[in-house]
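Report on the structure given below.
The values are calculated or read from the model by the stated rules, or taken from the named source; none is laboratory data. Everything numeric in this text was worked out from a predicted model, so none of it was measured. Every residue, glycine among them, receives a Cβ derived from its backbone with ideal geometry; neighbour counts consider all protein chains shown.
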Amino acid sequence: MIQPAANTPLPHRSKALSAPSRIIRGLLIAASSCLLFATGSMQAQEQVDLGYEFARGKLTELSNMKTTLSIPAFADERDVEDPRTIITGELAEGGVALAERPFAEIVGEAMKAGFAASNAKLESEGAGFRLAGTITATEAAIVDRGGVESLQLTLRTSIQLIEGTRIVWQTKLFGRGTVPSTDGIAAATNKAIDRLIEELLIDDYFLAEIR
């Protein structure tokens, strides 16, 4: 039998991956990259626990309302991907500030609490009037208040008072909350919601329709 010469290199196995292996490896790398990107995006968004509670007390007297009132969940017409969005932009960490649950839901429940504190005749179903609210915009800016850098949040809404299928009163309503920047988005947002409720409950034209 002929033996290979001592200086003849032995055949070796190729370390190149087979085509199926290369495909699988590529898919795993792509999936890992997507997961890391998604995780990073979630972590970049600012999570804000509003923990809102209406604490302003009675703003007007509504026990003499002419009929009952229902306040369903607010709608949200803003162009946002996540219904929990409070604000977007450079004033939010990562460009987005998210509440603990849908923001329109929080605003609607706050409005209902404001009416309840003023002794309104609230009903869930079959009420004579329905208050339909829609969030149209939320805006934030840094302003100067007496030499103090402050965060100002503006909450814009559309409000309709409906009897049956007829709109008996409507308005564009906004609430603005301004706090020192160090107090943060939650404080500014809660103050804006308080102001929104107050603006509606002191509106003489609105009160004339329900009393």
- Note on the structure: For the range 159-206 the number of residues that are surrounded by 17 or more Cβ atoms within 10 Å (Cβ to Cβ) and over 26 Å from the mean Cα position of the chain (by Cα) is 2
- Item | Qualifying positions in the range 57-92 - surrounded by 15 or more Cβ atoms within 10 Å (Cβ to Cβ) and charged (D, E, K, R) | Asp76, Arg78, Arg84
- Message: Whether any residue in the range 157-169 is over 21 Å from Ala208 (Cβ atoms), touching a strand residue (DSSP E or B) at 6+ places or on another chain (Cβ under 6 Å) and at pLDDT 95 or above is what I want to check.
- Response: no
- Message: Filter the range 106-121 down to the residues that are surrounded by fewer than 17 Cβ atoms within 10 Å (Cβ to Cβ) and either outside any helix (DSSP H, G or I) or within 9 Å of the chain's Cα centre (by Cα) (or both) and list them by number.
- Response: Asn119
- Hey, can you tell me all the residues within the range 150-172 that are within 13 Å of Gly133 (Cβ to Cβ) and of a type in the set (Gly, Ala, Ser)? Ser158
- Message: Looking for something free of Cβ contacts under 8 Å to residues at least 60 places away in the same chain and among the hydroxyl-bearing types (Ser, Thr, Tyr) - is there at least one such residue anywhere in the range 111-119?
- Response: no
